Amino acid sequence: MKKKSNCSDQVHAFTAWTVRKRWKRVLGYGILVICAGLLYAVFVKWSGIAIPCLFHLVTGLKCPGCGVTQMCVALLHLDFRTAFYSNQMLFLLFPVLGLVFIKYIADYVKTGQWRMGKLQNGILYTSIALLLAFAVVRNIFEI
Ligand SMILES: [Zn+2]
């Protein structure tokens, strides 16, 4: 005997379909970003040419993100020591921000809305404050 389809089944099927659709979209963009990053890393590694930091060019000071390209290239080579000394604060925040980003993506896939929770926002703003403080400290003590 065939089960009669009801409204709940249709809603469930539609929800599963939209979640799969969002998942594919996020995966597609993720693969695109990772490929672009890898191509840039290979370009930097072989040519030695990287996009310069405009803040550093103008002021001569290091910004909170200075060294991130070198850090990423070092991480690709599993050279954690060089990665750490390229940008200590970003190196330490990288796993935490990665988890916040993964939760952000997962929430989007589940709900269809790009929103961060209070904890994620708190972590993000704390990270920004730490990076700004690190920028001041790294320029004073030249680390
Ligand atoms: Zn910079």
Self-check item: FRET efficiency for Val11 and Tyr104, using Cβ-Cβ distance with R0 set to 22 Å, rounded to 0.05
Solution: 0.30
Quiz prompt | Length gained when the stretch His56-Ile143 is fully extended (0.36 nm per residue, less Cα-Cα span) | solution = 29.9 nm
Quiz item: Taking N as the number of residues in region 68-132, what is its Cα Rg relative to 2.2 N^0.38 Å?
Solution: 1.29
Quiz item: Remind me, relative contact order of region 9-140 in percent, using alpha carbon pairs under 8 angstrom and six or more residues apart?
Solution: 24 percent
Quiz prompt | Amide N proximity, region 99-120 versus Tyr29 label position 7 Å along Cα-to-Cβ, cut-off under 20 Å | solution = 99-118, 120
Practice problem: Using only Cα atoms, locate the centre of region 87-123 and the centre of region 40-73, then give the distance between them in Å, rounded to an integer. | Solution: 24 Å
Practice problem: Work out from phi, with θ = phi - 60° and the Karplus expression 6.51 cos²θ - 1.76 cosθ + 1.60, the ³J(HN,Hα) of each residue of region 8-23, listed in order in whole Hz, and give x for Gly and Pro. | Solution: 4, 4, 5, 5, 4, 5, 5, 4, 4, 5, 5, 5, 4, 5, 5, 4
Quiz item: On full extension of the chain, what length is gained from Lys45 through Leu76, given 0.36 nm per residue of separation minus the C-alpha to C-alpha distance?
Solution: 10.1 nm
Quiz item: Beyond 25 Å, what share of the Cα-Cα pairs of region 9-140 remains, rounded to the nearest whole percent?
Solution: 42 percent
Quiz item: Rounded to the nearest whole Å³, what is the per residue volume of the convex hull around the Cα atoms of region 101-143?
Solution: 65 Å³
Quiz item: Dipole of the chain (Lys/Arg Cβ +1, Asp/Glu Cβ -1, origin at the Cα centre): which of Leu93, Asn121, Leu76 lies farthest to the positive side?
Solution: Asn121
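Where a number appears in this text, it was derived from the coordinates with a stated rule and is not lab data. All figures in this text were calculated on a predicted structure; none of them were measured in a lab. Heads up, the Cβs are rebuilt from the backbone with ideal geometry, glycines too, and the neighbour counts pull from every protein chain shown.
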